[in-house]
């Protein structure tokens, strides 16, 4: 196939602004020179998970550019969300309480 869909999954905290996160992610995909404009990039909410709202960035690229686009979008979304105040990518945490006897 001459083109492939590049999927990048990312979770944001429930306290983060979902609309803002979607706008930032869409801008990232549309600004990438190797992401095709037809079909248009898309973002879907895939899951309301235990500690995050999971999104999937979906962009199309030429097959030979797949891994470049995948890496750029994965790294780019992390950096873009770090720059945008209020868009947190949560990670699993475990609190352990020890009782001394």
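Only the coordinates and a few stated rules stand behind these numbers; no lab work does. The structure presented is a predicted model; accordingly, all values stated were derived computationally and were not measured. For neighbour counting, all protein chains shown are included, and Cβ atoms are generated from backbone atoms with ideal geometry for every residue, glycine included.
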How far is it, in nm, from the label point at residue 20 to the one at residue 62 when both lie 7 Å from their Cα along the line to the Cβ?
3.7
Please determine, in degrees from 0 to 90 and to the nearest 10, the orientation of helix 66-83 with respect to the longest principal axis defined by the Cα atoms of the chain, where the helix direction is its Cα long axis.
50
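So how do 101, 70 line up by other beta-carbon neighbours within 10 Å, fewest first?
101, 70
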Which angle from 0 to 90°, rounded to the nearest 10, does the C-alpha axis of helix 18-31 make with the longest principal axis of the chain?
30
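Based only on other Cβ atoms within 10 Å, what is the fewest-to-most ordering of 72, 50?
With the sparsest Cβ surroundings first, the list reads 50, 72.
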Virtual spin-label span in nm between residue 96 and residue 70, 7 Å along Cα→Cβ
3.4
With an 8 Å cut-off on Cα pairs and a minimum separation of 6 or more residues, tell me the relative contact order of segment 3-83 in percent.
43
